[in-house]
Structure formats: C-alpha cells, structure tokens
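Right, one structure below, let's go through it.
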C-alpha cells in the first residue's frame with residue numbers, strides 16, 4: 001500500500017480500510033528512531049502523535 005499510494009518510505013501502515021490508514025511514520029526519525037503516528041488518506045495526511053506510546057495514551061473509550 002505504501003508504494004501503491006506513493007507514500008515516502010519508510011511508513012509502516014498499522015490499519016485502515018483501503019481509503020485511509022493509521023501508520024508509523026519513520027520519515028523524520030530514520031529507521032532507528034522513534035516514529036510519529038499519522039493518519040493517511042489518499043491525498044492528505046494528519047499528524048496524530050509524536051510516538052506510539054503518546055498515541056495510545058491519548059485514546060479514550062467511547063461512552
């Protein structure tokens with residue numbers, strides 16, 4: 001999917017539905033760094049968190 005969408009590697013897609021994805025973005029930190037978390041759509045992307053731990057900590061239960 002990364003190649004098909006033309007995303008700059010290295011991005012590791014975690015989950016999505018074919019039109020949008022949540023992924024680990026290693027583009028800034030390099031392969032040995034701590035990746036940020038981003039939301040990717042076909043023509044845009046949105047920064048979600050500085051790292052995976054921060055992303056998980058920011059999740060809230062749907063009540």
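The values are calculated or read from the model by the stated rules, or taken from the named source; none is laboratory data. Quick caveat, the model's predicted, so the values are computed rather than measured. No Cβ is skipped: glycine too gets one built from the backbone with ideal geometry, and neighbour counts run over all protein chains shown.
Here are a few things to note about the model shown:
- Qualifying residue in the stretch 20-29 (condition: exposed (fewer than 11 other Cβ atoms within 10 Å of the Cβ), outside any strand (DSSP E or B) and either in contact with a strand residue (DSSP E or B) (Cβ under 6 Å, 6 or more places away or on another chain) or modelled with pLDDT under 85 (or both)): no
- Consider the stretch 30-48 and keep the residues that are surrounded by 15 or more Cβ atoms within 10 Å (Cβ to Cβ) and in contact with a helix residue (DSSP H, G or I) (Cβ under 8 Å, 6 or more places away or on another chain). The one that is nearest to residue 16 (Cα to Cα) is 40.
- Among (1) surrounded by fewer than 11 Cβ atoms within 10 Å (Cβ to Cβ); (2) more than 10 Å from the chain's Cα centre (by Cα); (3) at pLDDT 90 or above, the one test that residue 62 misses: (3)
- Any hit, the stretch 48-56, residues being assigned to a strand (DSSP E or B) and modelled with pLDDT under 95: no
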